[in-house]
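K.L.:
Starting off with a structure, shown below.
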Amino acid sequence: MELLNYIFNLNLILLALDHLVTGTLAIFYPIKAIAFYRVIFGADLPFTKENIFILKPWGALGIFASMIGVLPLFDPVKYRVILLPLVVLLLLRIYIRYTHGKDGEKYLSIDKKRNATHIYLIILCATLILFQFFVVGLK
């Protein structure tokens, strides 16, 4: 059980770090954010005023998700309910990446393999969190 909790916590930490880094970059360093997204996600996001405008609230949501996502690390039983909205967030990301993969390829140059890899990683995170929800509920 100790190893399982370690895996669950590592998953939440990595997911939170992803949201925190991408969110912070989007708000405070949008030019670096666009370059970072190109490297990490393969997205060729044009640097326009419109995109900068969209990145800032998106970044705020990312920071919020990272802060909420780590609460179960401190008290898994008390904050167990937070795991379900995290799964919903990830399911929505899977849905968006899957249904709009062609748009991502067309408008942002995200190739199919890169998109599929990210879908797989998101599925893995969501599965671990859902499993964590049920395991914590058994204690």
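K.L.:
Would you check which residues across the range 109-124 are surrounded by 17 or more Cβ atoms within 10 Å (Cβ to Cβ), in contact with an Asp or Glu (Cβ under 9 Å, 6 or more places away or on another chain) and part of a helix (DSSP H, G or I) and list them?
P.N.:
Scanning the range 109-124 gives a single hit, N115.
K.L.:
Could you tell me which of the residues F28, F47 is of a type in the set (F, W, Y) and either modelled with pLDDT of 95 or more or touching a Gly at 6+ places or on another chain (Cβ under 9 Å) (or both)? I'd like the intermediate steps shown before the answer.
P.N.:
Details: F47 fails: either modelled with pLDDT of 95 or more or touching a Gly at 6+ places or on another chain (Cβ under 9 Å) (or both).
Among F28, F47, only F28 is of a type in the set (F, W, Y) and either modelled with pLDDT of 95 or more or touching a Gly at 6+ places or on another chain (Cβ under 9 Å) (or both).
K.L.:
Looking at the range 36-50 only, could you name the residues that are without any contact (Cβ under 8 Å) to a residue 24 or more places away in the chain and either over 25 Å from I119 (Cβ atoms) or surrounded by fewer than 14 Cβ atoms within 10 Å (Cβ to Cβ) (or both)? Before the answer, list the steps.
P.N.:
The first filter runs over the range 36-50 and keeps only residues without any contact (Cβ under 8 Å) to a residue 24 or more places away in the chain, leaving 36-40, 46-50.
Scanning the range 36-50 gives V39, I40, P46, F47, T48, K49, E50.
K.L.:
Still on this structure, I have one more. Among the residues of the range 52-72, are any farther than 19 Å from I13 by Cβ, of a type in the set (G, A, S) and at pLDDT 95 or above?
P.N.:
Looking for residues that are farther than 19 Å from I13 by Cβ, of a type in the set (G, A, S) and at pLDDT 95 or above, one finds at least one in the range 52-72, hence yes.
K.L.:
Are any residues in the range 10-31 surrounded by 12 or more Cβ atoms within 10 Å (Cβ to Cβ) and over 15 Å from the mean Cα position of the chain (by Cα), and if so, which ones?
P.N.:
I27, Y29, P30
K.L.:
Tally up the residues in the range 73-103 that are closer than 20 Å to I13 by Cβ and among the acidic types (D, E), please.
P.N.:
Number satisfying all stated conditions: 1.
K.L.:
Right, another one. Within the set of pairs 6+ apart or on separate chains, which have a first residue in the range 100-117 that is under 13 Å from A43 (Cβ atoms), a second that is acidic (D, E) and assigned to a helix (DSSP H, G or I), and C-beta atoms under 8 Å apart?
P.N.:
The qualifying pairs are D111/E105; N115/E105.
The values are calculated or read from the model by the stated rules, or taken from the named source; none is laboratory data. A quick note: this is a predicted structure, and the numbers were derived from the prediction, not measured. In this analysis, Cβ positions are derived from the backbone assuming ideal geometry, glycine residues included, and neighbour counts consider all displayed protein chains.
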